[in-house]
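A.B. asks: Below: one structure in structure tokens.
The values are calculated or read from the model by the stated rules, or taken from the named source; none is laboratory data. Bear in mind that the values here come from a model prediction, so they are computed numbers and not experimental data. Cβ: placed from backbone, ideal geometry, glycine included. Neighbour counts: every protein chain shown.
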Amino acid sequence: MDALQKALSGAPEETLDPDDWTDVQALSHRILDDAVDYLRGVRERPVWEDVPAEIKPFFEAPLPRLPAPLAEVYRDVVANVMRYPMGNVHPRFWAWYMGSSNFTGALGDFLAAIQGSNLGGGNHAATYMDQQVVDWCKQMVGLPVSASGTLVSGGSMANIIGLTVARNVKAGIDVREHGVAAIEKPLRFYGSDQIHSCHRKAVEALGLGNRALRRIPTDGEYRIDIDALRAAIAQDRAEGNQPACLIGTAGTVNTGAIDDLQALARLAAEEDLWFHVDGCIGALIAIAPKNAYRVAGIAHADSVALDPHKWLHAPFEAGCALIRDASAHRDSFAVTPEYLMMTSRGLASGVHLNDYGFQTSRGFRALKIWMSLKEHGGDKFGRLIDQNIAQGHYLSALVEAEPLLELAAPTSINIVCYLALQPQISSALQR
Ligand SMILES: Cc1ncc(COP(=O)(O)O)c(C=O)c1O
């Protein structure tokens, strides 16, 4: 018995490695073949099916304590999980606004998990690729090379990163040290009444409270009303509040409306406010040749939130926060305990990416984005965005031509809101 076995009380060392790598290789080939068939045949399956009552107890089974062969585990997944997806990878999924993943991205996710690198930072290839993808995001929206950024789980996290930096820069005190209670005048953030709910969560989590986020009325096209915004800022100043940040939305989730980002950038400069763009839906329109004009002004933002898991179709999760002032970004999050100290060489000599957000451990999200961008090229994604907007306008025209349907909002990009005119539809069905 060697010393290690003795230390393990005589038991053989256990690991999670397969007993037989050849078996697991064969099964993995099958899983990959099935995955390709799954996507190739997606159109032949319904978009969505309710999980049948007889399947639900499967998800109530208690914690498995004993092993099961991987082939059996996989069979369970096929029968109970793969059969009943949300449906958003289906071409006819129109339930909520979201991306539809892509096969190359899925391979990227698999390889990222196989490599297993922790993107908290360090001197290794994944760190460099993470920074490269952030650089590509800056290029796509027109922020300067000197800007910084971080890949996060999605738009909600990307927005709270931007708003955290905005709060810290505009607070007038060291909020990290003294907390929000020490801020002299209550801070005010402004967005349209169409703003995404994640901003409410953000201001609440930032200790500012829901009331710190003023919802400004919108015009007939659901874009923020700039005169009303100007008046709200003046009113806040008069009442002793501290206007701090304008949030422009490039593509609202309700109707796809894009605020006038140029006017917002000008107003932010005049009023000395932080200009944040929630571009979770629309920031990447900046790379779409026919529609880029719609987001003109985004390059003036102090921070941008965008979602590679929407119009870059990265598999969930992938969001990105970009901050024009890289030091303000780092100053909002960096903490260096002794166990995260950098060294002058070796693995710990690489940049600490965890200095740019809330997470310490981070997944290798960049690979799935990098592989799809390399495979298809950014231009193609731009054309796909143009195509998708054209599809939205096509659907909108069909709705307008159909007497039983009515557009509920003007169509701006790829979100079409329409109603079925109930009484007419019922009588049409009875005939
Ligand atoms: C405008 C807007 N902002 C923020 C979000 C939140 O993004 P995520 O769902 O990626 O967290 C969304 C989601 O659709 C959105 O449309």
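A.B. asks: Which numbered condition trips up residue 178, out of (1) of a type outside the set (Lys, Arg); (2) surrounded by fewer than 16 Cβ atoms within 10 Å (Cβ to Cβ); (3) touching a strand residue (DSSP E or B) at 6+ places or on another chain (Cβ under 6 Å)?
C.D. replies: (3)
A.B. asks: Let me ask something additional. When the residues of region 137-147 are filtered to those that are away from the ligand (no atom under 15 Å from the Cβ) and in a helix (DSSP H, G or I), which remaining residue is surrounded by the most Cβ atoms within 10 Å (Cβ to Cβ)?
C.D. replies: Out of the qualifying residues, it is 140.
A.B. asks: In addition: Given 127, 164, 150, which one is closer than 30 Å to residue 240 by Cα and either at pLDDT 95 or above or crowded, with 23+ Cβ neighbours inside 10 Å (or both)?
C.D. replies: The match here is 164.
A.B. asks: Kindly provide the set of residues from region 340-382 that are in contact (Cβ under 8 Å) with a residue 40 or more places away in the chain, polar (S, T, N, Q) and surrounded by fewer than 19 Cβ atoms within 10 Å (Cβ to Cβ), ordered by number.
C.D. replies: Those that are in contact (Cβ under 8 Å) with a residue 40 or more places away in the chain, polar (S, T, N, Q) and surrounded by fewer than 19 Cβ atoms within 10 Å (Cβ to Cβ): 349, 359, 360, 361.
A.B. asks: Could you tell me which of the residues 325, 302, 260 is at pLDDT 95 or above and crowded, with 19+ Cβ neighbours inside 10 Å?
C.D. replies: 302
A.B. asks: Would a scan of region 105-126 turn up a residue that is within 16 Å of the ligand (Cβ to nearest atom) and either in contact with a Ser or Thr (Cβ under 8 Å, 6 or more places away or on another chain) or in a loop (DSSP other than H, G, I, E, B) (or both)?
C.D. replies: yes
A.B. asks: I'd like to verify a number: residues in region 164-212 that are over 21 Å from residue 254 (Cα atoms), in a helix (DSSP H, G or I), more than 21 Å from the chain's Cα centre (by Cα) and free of Cβ contacts under 8 Å to residues at least 60 places away in the same chain, how many?
C.D. replies: Residues that pass the stated criteria total 8.
A.B. asks: Looking only at region 185-201, how many residues end up being more than 13 Å from the ligand (Cβ to nearest atom) and of a type in the set (A, V, I, L, M)?
C.D. replies: Of the residues in that region, 1 qualify.
A.B. asks: Going by the conditions given, is residue 246 touching a residue at least 24 places away in the same chain (Cβ under 8 Å), more than 22 Å from the chain's Cα centre (by Cα) and within 16 Å of the ligand (Cβ to nearest atom)?
C.D. replies: Judged against the criteria, residue 246 is not a match.
A.B. asks: Further question on the same structure: Kindly evaluate residue 215 against the criterion of being in contact with an Asp or Glu (Cβ under 6 Å, 6 or more places away or on another chain) and within 16 Å of the ligand (Cβ to nearest atom).
C.D. replies: Yes; evaluated as a whole, the condition is true for this residue.
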